[in-house]
Amino acid sequence: TAADIRLAAREGYRSIEHVKRYTALGFGTDQGKLGNINGLAILAKSLGKLPGEVGTTTFRPNYTPVTFGAVAGRTLGEQRFDPVRKTALHTWHLRRGAMFEDVGQWKRPWFYPRDGEDMHEAVNRECLAARNGVGVLDASTLGKIDIRGPDAADFLNLLYTNNWDNLQPGRCRYGFMLGEDGMVMDDGVTTCLAPGHYLMTTTTGGAAAVMAWMERWLQTEWPHLKVYLTSVTDQWSVMSVA
C-alpha cells in the first residue's frame, strides 16, 4: 500500500530495489505494469526527490501478461504455443509441394510428393535422382556457430575427437563431439574460413545445447583460451549439393 512505501522511506530505505523487496511493490497481478509508477511517485515524494531521481526497478518478462492457457497450450492439441522458424527458401518449398517436418522449431522440408505418391515412393524417387544426377538440400536449419580467436583450433581439438590443426582455409572437415559419458553428443561439418576463424554446423535440434556446451567449457574449464563464439544460425542460408 501507499502507507507501506511511506513507512519504508521513514525506516531508511532509499534504493527503489530495496523498497520493492521490502514492500513487494510490483509483485501484484499486474507485475508492476500499472502500480509501479504510482509507487515510484509516492517514494519520490516521501524522499523529497523527483521521480526521475528515484529511478525504476528492473523490469523482467513477461512485459505483457500471458494467460495460463497460453502457457499450458504448448503441449495441448495440434495448435501448439511454440515459435515457428522458417528458412529463407520456405516459399520456394511450398510452391513445389513440399511436406515439412518439425525439427528444433524449424519447418524443415521432408519430401516432395508428386500426384499419387506416398512418402516412401517420393523419397525413393528423390534418392535415385540424387544418385543418378544431382540433389540439392536446404540445410539452413542446421545450427551454425562462428568461432574466432588465436586459440580456435586448440579449442576444436578439445571439443572433437579428431584433429583440427592441419585444416587449411577453404577446407571443411566432419567431426563429432562426445558428452561427459563418452557417448556421441552431436556431429557436424566445420569449415576453416581463415586462420583462427571457423564456421561450425550442428544438428538442427542440438544447436542451442551445443552452443551452451561450448560456452560452459570456455567459461569454466578453459577460460585461458582466447576464443569467441557467436550463434549465426539465423544469419546463414545453406544449400548442400550432392
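Each value in this text was obtained by applying a stated rule to the coordinates, not by laboratory testing. Because the structure is a prediction, the values reported are computed rather than measured. Positions of Cβ are generated from backbone atoms using ideal geometry, with glycine treated the same way; all protein chains shown enter the neighbour counts.
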Other residues with Cβ under 11 Å from the Cβ of ALA122 give, with Lys and Arg +1 and Asp and Glu -1, a net charge of -3
Assign unit charges at the C-beta atoms only (+1 for Lys and Arg, -1 for Asp and Glu), then state the dipole size of segment 90-136 relative to its Cα centre in Debye, rounded to the nearest 20. 260
Net charge (Lys, Arg +1; Asp, Glu -1) of residues whose beta-carbon lies under 15 Å from that of ARG216, ARG216 excluded, is -4
For a bin width of 10 Å, list the pair-distance distribution of segment 143-241 built from all Cα-Cα distances, rounded to whole %. 15, 54, 29, 2
If you find the alpha carbon centre of segment 227-242 and of segment 154-187, how far apart are they in angstrom? 17
On full extension of the chain, what length is gained from ASP187 through ASN38, given 0.36 nm per residue of separation minus the C-alpha to C-alpha distance? 48.3 nm
Over the chain, the sum of -39500 (n - 2.57) across DSSP H runs of at least four, divided by residue number and rounded to 500 deg cm²/dmol, gives at 222 nm -9500 deg cm²/dmol
R0 of 51 Å, Cβ-Cβ distance LEU7-VAL103: FRET efficiency to nearest 0.05: 0.40
Could you tell me the calculated FRET efficiency between GLU126 and TRP92, based on Cβ-Cβ distance and R0 = 25 angstrom, to the nearest 0.05? 0.95
For every other residue with a beta carbon closer than 14 angstrom to the beta carbon of GLY175, add +1 if it is Lys or Arg and -1 if Asp or Glu, then tell me the sum. -1
In cubic angstrom, how much convex hull volume per residue do the alpha carbon atoms of the chain span? 226
